[in-house]
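Here's the structure, in structure tokens; my notes come after.
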Amino acid sequence: MLFAFFLQSYVVFPIEELLRIDQNTDIVSFVYIPHGIKIALICAYGLSAVPAIFAGMIAINVFSAGSLQIDAMMIPGAIVGTLCVALPLIFHNLSSRKSIFSAPMFDGESNRNNLWLFLSFAFAASVLNSLGQSAINGFSPNVLPWMFLLGDLVGTIVVFVALILVARPAIINFIRKKSSLW
């Protein structure tokens, strides 16, 4: 998650600052990659990823602040950033009658709908994150929550495509090597 944040901070944000003219470039991005990493973690590892996501959110908030001190708004921001991905998982697992700690991507069932599952988690988490972050930071509901929503969704799609292009071939090769040993 920290690698995604540094990629966001040192590649995506500088490009956006050159291309955008609004005043919100330091707050919100049209492509927010760390949100996609949170979705990937929660889908792959279930609720066991929550401590790592929360720690990553705290680290991102500390690095974003420019000083290594935790202020009063970092903890609520990290809580919202973590709950926004945990709540859709909990509701998914309860509605599917699975263990609350189950990871939906690797639950032993057919994974033909991984794209839709990933995107539905992304949308639900993005809505919760944009509303929650806007509420705790007192942002105007006119524009900024929609910008959070868009950035989270686009960032999640970028992460999913990257995982499909990079991780899937590696996993398939690993499985093929394992099966050839038997």
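The largest accessible area among D152, D71 belongs to the first residue in D71, D152, and the rest follow in falling order (1.4 Å probe, all chains). Across the range 123-128, computed HN-Hα scalar couplings (Karplus, 6.51 cos²θ - 1.76 cosθ + 1.60, θ = phi - 60°) run 5, 4, 5, 5, 5, 4 Hz from first to last residue, x flagging Gly and Pro.
Ligands, DNA and RNA aside, F6 has an accessible area near 80 Å² when probed at 1.4 Å.
With both labels modelled 7 Å from their Cα along Cα-to-Cβ, the I164 to R97 distance reads 3.2 nm. Stretched out straight at 0.36 nm per residue, the stretch from I79 to F6 would grow longer than its current Cα-Cα span by 24.2 nm.
Given the Cα-Cα distance of L18 and A52 and 0.36 nm per residue of separation, how much length would full extension add, in nm?
Values: separation 34, 0.36 × 34 = 12.24 nm, distance 3.27 nm.
Computed gain between L18 and A52 is 9.0 nm.
The values are calculated or read from the model by the stated rules, or taken from the named source; none is laboratory data. Only a predicted model underlies this, so the values are computations on that prediction, with no experimental measurement involved. Cβ: placed from backbone, ideal geometry, glycine included. Neighbour counts: every protein chain shown. We work out accessible area using only protein heavy atoms, side chains counted, and drop any ligands, DNA or RNA first. Shrake-Rupley method; radii C 1.70, N 1.55, O 1.52, S 1.80 Å.
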